[in-house]
Amino acid sequence: MSNSVSASTVVLAAIRERVAALHAATEPETGPATDDAAPDTGDAAPDADAEGGSSVTVPAAEDETPDDEPVPGSGDASGAEGPDVERLAEALADLEAVLTGFAPLIEGGELPALRAELAWARSTVEEVRALDGTIDVLEDLLEDLDPALRQGPVEARVGIVVAARTSERRDAVTAMLTQPEWTSLLAHADQLVLTAPIRGRKAKNAARDLARALADADAAAREAAEAAVVDAEGPARAGVPQLGPAVTAAHTVATTARVARGVLGKQARKLGDAAAALATTTEERRRSESVTHWLVDLADLAHRAGEPSFTYGVLHAEATARREAADEALVAAVSAYTRPKLRKGLADVS
């Protein structure tokens with residue numbers, strides 16, 4: 001454990017990094033950083049925290065640095081013009097996770113407005129990311145299908161529907177970036193970095209302050225995870241909308257733990273790894289649920305157009321089996337995450 005930095009220093013550094021990533025996600029035309037742009041300490045002077053403590057020049061923890069940094073200006077995977085939705089979604093999710101996870105330590109009037117604006121932006125961007133995930137599952141099912149069943153109107157209809165829905169949602173993201181609310185979001189994020197209203201300025205209390213924040217995030221994630229199991233095992237129509245909170249809460253814990261692990265060590269690492277696994281498993285369950293609904297819609301469209309719908313029934317059966325397997329994986333992930341011994345050391349610190 002490190003006793004040389006305060007909780008405020010760690011949290012402010014995390015916020016600053018994610019605000020910078022958010023700007024970068026929407027400004028790909030700036031290109032790779034140059035020597036003139038490299039020093040980022042000018043955005044908030046080292047004395048921004050006049051009461052002594054929140055230097056923003058502390059380097060990120062080792063696992064805070066992404067291994068595969070997206071190339072600026074690369075656009076989305078399809079090569080289409082417009083924002084890199086995946087990169088933008090990750091930047092929004094990470095910033096929201098840090099603000100949620102460390103909310104007990106953040107003061108100032110910007111936070112409520114910024115969190116509301118982040119929720120607004122994510123509601124649009126996450127629709128596209130969820131759509132991309134559903135399409136990935138659908139493509140996997142089609143790839144495994146007998147080619148004789150896949151050819152003809154089935155492939156054509158799937159292609160038409162995918163293209164139409166993808167274009168509609170990506171246009172919504174592009175439009176979102178032109179709204180006054182988006183400008184306000186960036187302004188509030190920048191202001192939060194500049195004013196640095198972060199509590200926990202005593203280095204000797206860093207472990208306690210960070211552990212308490214992580215414990216609060218963990219409690220919320222456990223509640224959401226247990227509710228997700230109930231929803232997943234309930235009526236199919238309840239699965240998609242009710243799993244989202246569990247994904248978000250688990251991601252918050254994983255991100256909060258990643259930021260804090262430089263101080264908390266393996267206690268944060270183990271909990272963060274379990275939370276990340278839970279988020280991935282819950283997201284897979286949500287995707288497998290979503291694709292079953294898509295296939296019902298596709299079958300209905302085919303039927304009304306006078307096309308055979310047998311193939312969609314075959315695909316739906318495969319999707320249902322995949323969803324059932326995801327149900328079992330979700331139960332196992334929640335069981336692993338809620339084990340008391342996973343957070344025993346964290347309780348001792350907080």
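The values are calculated or read from the model by the stated rules, or taken from the named source; none is laboratory data. Owing to the predicted nature of the structure, the values given are computational and were not obtained by experimental measurement. Note: ideal-geometry Cβ built from the backbone for every residue, glycine included; neighbour counts use all protein chains shown. In case anyone asks, the SASA skips ligands and DNA or RNA and just uses the protein heavy atoms, side chains included. Shrake-Rupley method; radii C 1.70, N 1.55, O 1.52, S 1.80 Å.
Which of the following residues is at pLDDT below 90 and not acidic (Asp, Glu): Ser335, Ser350?
Result of the check over Ser335, Ser350: Ser350.
Does Val161 satisfy the criteria of being crowded, with 18+ Cβ neighbours inside 10 Å, over 14 Å from the mean Cα position of the chain (by Cα), in contact (Cβ under 8 Å) with a residue 60 or more places away in the chain and part of a helix (DSSP H, G or I)?
So Val161 fails the test.
Somewhere in segment 192-213, is a residue among the β-branched types (Val, Ile, Thr), open to solvent by 30 Å² or more (accessible area, probe 1.4 Å) and over 24 Å from the mean Cα position of the chain (by Cα)?
yes
Determine, yes or no, whether Leu105 is touching a strand residue (DSSP E or B) at 6+ places or on another chain (Cβ under 6 Å), at pLDDT 50 or above and either closer than 19 Å to Ala257 by Cα or surrounded by fewer than 18 Cβ atoms within 10 Å (Cβ to Cβ) (or both).
The answer is yes for Leu105.
Taking segment 306-322 on its own, how many of its residues are assigned to a helix (DSSP H, G or I), open to solvent by 40 Å² or more (accessible area, probe 1.4 Å) and free of Cβ contacts under 8 Å to residues at least 40 places away in the same chain?
The total comes to 4.
For segment 273-284, state whether one or more residues are surrounded by fewer than 24 Cβ atoms within 10 Å (Cβ to Cβ), among the charged types (D, E, K, R) and under 21 Å from Ala321 (Cα atoms).
yes
Any residue in segment 185-206 that is closer than 25 Å to Glu90 by Cβ, modelled with pLDDT of 95 or more and not in a helix (DSSP H, G or I)?
For segment 185-206, residues closer than 25 Å to Glu90 by Cβ, modelled with pLDDT of 95 or more and not in a helix (DSSP H, G or I): absent.
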